[in-house]
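Contents: one structure, followed by commentary.
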Amino acid sequence: MQIKVTAPAKIHTTIQLPSSKSISNRALIINALGNGTHHPENLSDCDDTRVMIRALNDDKETIDIMAAGTAMRFLTAYLSVTPGTRIITGTERMQQRPIQVLVNALRELGADIEYVANDGFPPLRITGRELRKDTISLPGNVSSQYISALLMIAPVLTNGLTIRLTGDIISRPYINLTLQLMNDFGVRAEWTDDHRLKVEPQAYHSTPFYVESDWSAASYWYQIVALSKEAEVTLPGLFKDSYQGDSQVAGIFRSLGVETIYKDKTVILKKNGKSVERLDYDFINQPDLAQTFVVTCALLNIPFRFSGLQSLKIKETDRMAALITEMKKLGYILHETDGSVLSWEGERCTTEEHPAIDTYEDHRMAMAFAPTCLALPEILINNPQVVSKSYPRYWEDLRQAGFIIKEV
Ligand SMILES: O=C(O)C1=C[C@@H](OP(=O)(O)O)[C@@H](O)[C@H](O)C1
Ligand SMILES: C=C(OP(=O)(O)O)C(=O)O
């Protein structure tokens, strides 16, 4: 399927964003580990949360988590301490996303995990058992989801867990998000130094919990305001002191001329037109925002150097390669350095006449490229349904804001 997206001249709208999938999936795992009696409220309705709910509620032998990285990693740890034998698998891409660091860590703690096909990758066959070892060391520079997965099971391990992280730590706000959620469910879990986490054995307490809106999804509305001539967008369900690291999007977009007004658990985005001349930023803590800023800066003609992007190669697609290829269709030549930096110094090539953006089964490719129609006559997006991974109503919300979306 392919759609053509055309932009309105002005935007003045209120958008109800999806709930955070990162918070939803943590709340679900913690609730299951604590045999919670309160069900988390306002859960995301996205694919990644749906597969998590299904996995926790069904007792089928094989669990298919499709493309959900959090579900794959969190459930691998969860199943390692839950009675029974299950196979966990996902899409073809999920079977190429590495899980060895987590499997090695869990095996070292005593877990029974086998690779069903290729060593280091899903599918996995897991038999739950008691884990008694209480210290583990693992690299912090591959995916923070491995660390979050270990942290969430840590309080129910017989002797608790001390986790030592080696190397640089990527996506640290997601580890802090996990600690925060554990805390909300009555468990003390904390950093004891910059590279060490400690959790004593203790029980989770069931508690009413309401999931906030998704700041990563908000980033596309910031982008829309930045690329519009005239726009004001109200986003209920977001607030300043959010648990989500991607709430930093507000500060970065401020330098691209978008002002954020915080008002009673609602934010209002307004264009102030005051933009920097170039943007250099380290995305090590907010990898999911990289696509939004690559596309926005180039279309605003703002040269950039974005570092800390090493994890982009193992996400829904190789996002570095996908960005380079698709931006070229729009006439922008990006450069990759050392697998972790993407930069653009203003170099242009011929723009394709009717560019059609490939989405590579990556929701963020579709969502970050659709707003380009604000600066172009129109944009074509291939396989637009990929947005359901995190933001199923994305296209409906664009329509509500005045965009015209037609199947071609
Ligand atoms: O823990 C989480 O909820 C997430 C952590 C990040 O992954 P990495 O830690 O693999 O960078 C992020 O990219 C992903 O979308 C969600
Ligand atoms: C990387 C992402 O998700 P995950 O790793 O959980 O599949 C994402 O949503 O951008």
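See the values below:
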item: Matching residues, region 231-268, being polar (S, T, N, Q) and part of a loop (DSSP other than H, G, I, E, B); result: Ser242, Gln244, Ser255
item: Those strands (runs of 3 or more DSSP E) lying entirely in region 73-148 with at least 3 residues at positive phi and basic (Lys, Arg); result: none
item: Among residues of region 80-113, those that are more than 25 Å from Thr166 (Cα to Cα), surrounded by fewer than 18 Cβ atoms within 10 Å (Cβ to Cβ) and touching a strand residue (DSSP E or B) at 6+ places or on another chain (Cβ under 6 Å), counted; result: 2
item: Residues within region 98-152 that are β-branched (Val, Ile, Thr) and away from ligand 2 (no atom under 15 Å from the Cβ), tallied; result: 7
item: Count of residues meeting criterion [surrounded by 18 or more Cβ atoms within 10 Å (Cβ to Cβ) and in a helix (DSSP H, G or I)] in region 351-393; result: 17
item: Members of region 189-230 that are away from ligand 1 (no atom under 16 Å from the Cβ), farther than 22 Å from Leu376 by Cα and outside any loop (DSSP other than H, G, I, E, B); result: Glu190, Trp191, Thr192, Asp193, Arg196, Lys198, Val199, Tyr210
item: Residues satisfying the stated conditions in region 45-69, i.e. away from ligand 1 (no atom under 16 Å from the Cβ) and either outside the structural domain of Val142 (by TED's automatic domain parsing) or assigned to a loop (DSSP other than H, G, I, E, B) (or both); result: Asp45, Asp58, Asp59, Lys60, Glu61
item: Condition met for Thr82 (over 29 Å from Lys133 (Cα atoms) and either within 14 Å of ligand 1 (Cβ to nearest atom) or at pLDDT 95 or above (or both)); result: no
item: Checklist (1) more than 11 Å from ligand 1 (Cβ to nearest atom); (2) farther than 27 Å from Ser137 by Cβ; (3) out of contact with any strand residue (DSSP E or B) (no Cβ under 8 Å at 6 or more places or on another chain); (4) touching a residue at least 12 places away in the same chain (Cβ under 8 Å) applied to Ala77, failing item; result: (2)
item: Per-region count, region 269-287, residues part of a strand (DSSP E or B) and among the aliphatic types (A, V, I, L, M); result: 2
item: Of the criteria (1) under 26 Å from Met66 (Cβ atoms); (2) in contact with a Phe, Trp or Tyr (Cβ under 7 Å, 6 or more places away or on another chain); (3) away from ligand 1 (no atom under 16 Å from the Cβ), which one Asp358 fails; result: (2)
item: Among residues of region 149-188, those that are within 14 Å of ligand 1 (Cβ to nearest atom), of a type in the set (Ser, Thr, Tyr) and not in a helix (DSSP H, G or I), counted; result: 1
item: Subset of region 293-315 (residues that are touching a helix residue (DSSP H, G or I) at 6+ places or on another chain (Cβ under 8 Å), outside any loop (DSSP other than H, G, I, E, B) and within 16 Å of ligand 1 (Cβ to nearest atom)); result: Phe293, Val294, Phe306, Ser311, Leu312, Lys313
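The values are calculated or read from the model by the stated rules, or taken from the named source; none is laboratory data. Keep in mind that what you see is a predicted model, and the values were worked out from it rather than measured. Don't worry about glycine lacking a Cβ; one is built from the backbone with ideal geometry, like all the others, and counts go over all protein chains shown.
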